[in-house]
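Take a look at the structure set out below.
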Amino acid sequence: MPVTRIVNAVVWCGPPDPATGLARESDAIAFDHDGILALGEEALAVSADLVVDGGGGFVCSAFRDGHVHAIAGGVERALASVQEHDSPQQVAAAVGRWARDHPEAEWVRGEGFDQSLAPGGVFLAQWLDAEVPDRPVVLRASDYHTVWVNSEALRRAGYAADTPQPHDGEIVRDDAGEPCGTLREWGAWRPVYDLLPPMTRGQALDALTIASANFASAGIAWVQDAWVEPHDVTSWLAAAEEGVLRFRADLGLWCDPNTWPDQLAHFVETRERVAATAPGRLSATTIKFFADGVIESGTGAMLEPYCDCPHSTGLPNWEPEELQQAVAAVDALGFSAHIHAIGDAAARTALDAIEYTDAVNGRRDRRATIAHAQLVDAADIGRFARLGVIANFEPYWAKYDVTQAELTAPRLGEDRTARQYLMRTILDSGAPVSFGSDWPVTRHEPLAGIQVAVTRQASPDGAPWLPTERLTVEQALTAYTAGVAYQAGDDRGGSLRRGARADVVLLDQDPRRVPPMAIEGIQVLGTWCDGHRVHGG
C-alpha cells in the first residue's frame, strides 16, 4: 500500500491536551492503509509514494457521523422531488409532474417534504388527489415520522372511519372522523409502507453509491446507520460485495417494541453474517430503539402536556419496563443500545433503561447512546455522565428556524423552548458527546453542523439562539471525530497519532481561523478512509 504524506498544512491531531489545554498540532503527516506512520519532522523523513501539498489548509481526523440513514438519503434522488417547496399545493404539483413522467410507477413516492408547510403539520389527501387520483401516493416528511398519503393509498391500506387507532401511531382524522391523509409514527404508516414494492438490488446499490459519494465529499469516513431492517442488511452487504462503499459503517438493527423477544436470535445471526461477509468495512454491533416520536407531530414523549394540546403528553413507543428489559437483553448479548429520545419523558425513560441494565448486567464500558436529546429535564442532565451515556446530538438542528417557530415552540411553550439541545451544558457535566446529522432529515455535511454548534444561528444576521450553549470550534470538531469514535468503540479512531487509524480529511481553511458563519463554506480537498483516498486528487 502506498505511503501518503501531507505537507504545508496545519495538522490538528485531536482534542486539546487535558493537562495544558493546548491543541495538539503538527505540520506534516504520513500514513498508509495500516495507520498513521509519523507526524511532523518524522513524517518528513518517511519515504512517501505520494506527497500532497496541503496548500496551507487544515488536516484532522476524518469526520464520523454518529446517526445517519444512508439508504434513505440515497433513495430520495430517485423519487418525486418534494423538497424546497413553499406550500402543500406546490409539493402536490411536483408529485403530479413526476407521476405523469413515470406512468409505469405503480406507487408515487417522495421523501423529505417540509412538515411545517401545513397548519399543525396536518396534510390532506385531497391535495394529492387533485394531482394523482388513480395511483397511491405516499410522501414522508423530513422528520421521517410523518407521512402524507392520498385517498387511493388510504383505500389500499384499508383505512376508514371505523379503523381503530394503533397503539403506536396516529391516523389523523377530519371533523367527520375520516382519515384525512396524515399518518404519524410507525403504527399508522407502516401498513402503507408494507404495501410498497421491495427495493431491487440495483436500486439499493444506486442509493448507497450516492450516499458513499456524499460522505466522501463531506470528509466522512465512518457512519452509524441508525435504522436498519432485515432487507436493508441485504442491501448493505450487496454494496460491500460490489465495492461501492468508500466509508465504513455500523448497522443499527431496529428493535420492534411489538416483537423484540423474537428478534434476539436474528440480531446475533445478523452480527455474525455481517462480520463474515464484510470484515473491516461493515459491522452490526448496535441495536436501535425509538423511545418516542418527534415534538413537531406531537408524538415526542413529554413529562408535561403539550401547550397546544393540554391533554396529551405525546406518544411513547415503549412501556418503560418493556424498554428496560429489551435494552438489558440486547446488552447481555454484547450489543450497544442506541436510543432515539426527543422529549424529556423519553430521555428519562432511556436513562432509566440504561441504569436498569447496569443493575442487572453489571457496570461495564457499554457505550450506550441516547440520540438527539432534544429536551432533557434538569434532573436528568447529570445522569449522562454518571451512567457513562453518550449524548449524540444533531447540531444542525440547534438553531431557531421555521420549524421551531411554526411547530416546535408553540407546542413546547417559552420555558421548554429555551431548554432544547443543551450541548454545552451536557458536555460541561462531564458526559461524552458525539455528533451526527440524521441525514436525510437534515444536511449531512459536518462543517454545516459545526457552524451551527459554534454559532447557534440560522443566518448571519440572525440572533444566536441560546448562546450560552454554543461550543468552541475545537469542541465541535472533537464531537464529530473523537466523540463518534468513542461512541463506536474504536480506540484507534478519532485523532491523529502514530498507530491511529488512517482516516484523514484535508480542508482548504482552518475552521478555527475563519468567521464562524463561514465554516460551512470551507472546502473539503481530500478524504482518506483507512489510507485510501476516496475524495479529491
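The values are calculated or read from the model by the stated rules, or taken from the named source; none is laboratory data. Since the structure is predicted, the reported quantities are computational estimates derived from the model, not experimental observations. In this analysis, Cβ positions are derived from the backbone assuming ideal geometry, glycine residues included, and neighbour counts consider all displayed protein chains. Accessible surface areas use protein heavy atoms only, side chains included; no ligands, DNA or RNA. Shrake-Rupley method; radii C 1.70, N 1.55, O 1.52, S 1.80 Å.
Summary table
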| read-out | value |
| --- | --- |
| Crossing angle, helix 320-332 versus the chain [Cα axis fit, 0-90 degrees, rounded to tens] | 40 |
| Rg over Rh [alpha-carbon atoms, Kirkwood Rh] for region 431-489 | 0.99 |
| Virtual spin-label span in nm between residue 209 and residue 241, 7 Å along Cα→Cβ | 1.7 |
| Full-extension gain in nm, residue 269 to residue 200, via 0.36 nm per residue minus C-alpha separation | 22.5 nm |
| From phi via Karplus (6.51, -1.76, 1.60), per-residue ³J(HN,Hα) for region 435-446 in Hz, x at Gly/Pro | 10, x, 10, 6, 3, x, 4, 9, 4, 8, 6, x |
| Rounded to 5, percent antiparallel among DSSP beta bridges of the chain | 45 |
| Shape box of region 220-327 [Cα atoms, principal axes, largest first, Å] | 52, 31, 18 |
| Förster radius 25 Å - calculated FRET efficiency between residue 498 and residue 365 (Cβ-Cβ, nearest 0.05) | 0.55 |
| For the chain: span of alpha carbons on each principal axis (Å, largest first) | 77, 53, 53 |
| Modelled FRET efficiency - R0 25 Å, residue 508 with residue 472, Cβ distances, 0.05 increments | 0.75 |
| Estimated 222 nm signal from helices in the chain, with DSSP H stretches of n ≥ 4 weighted -39500 (n - 2.57), rounded to 500 | -9500 deg cm²/dmol |
| R0 of 22 Å, Cβ-Cβ distance residue 165-residue 130: FRET efficiency to nearest 0.05 | 0.20 |
| Fraction of accessible area attributable to carbon and sulfur, region 166-243 (%, probe 1.4 Å) | 52 |
| Residue-span extension gain [residue 46 to residue 155] - 0.36 nm each, minus C-alpha spacing | 32.4 nm |
| Fraction of antiparallel bridges per DSSP, region 230-346 only, in percent to nearest 5 | 10 |
| Region 376-510 shape via C-alpha gyration tensor axes, a/c threshold 1.5 | oblate |
| All Cα pairs of region 94-148, percent lying beyond 16 Å | 40 |
| Protection proxy ranking of 66-72, 438-444 - average other beta-carbon atoms within 10 Å, highest first | 66-72, 438-444 |
| Global geometry of region 1-77, whether rounded, prolate or oblate, following the gyration tensor of its Cα atoms and the 1.5 cut on a/c | oblate |
| Inverse mean reciprocal Cα-Cα distance (Kirkwood Rh) of region 117-184, Å | 12.1 |
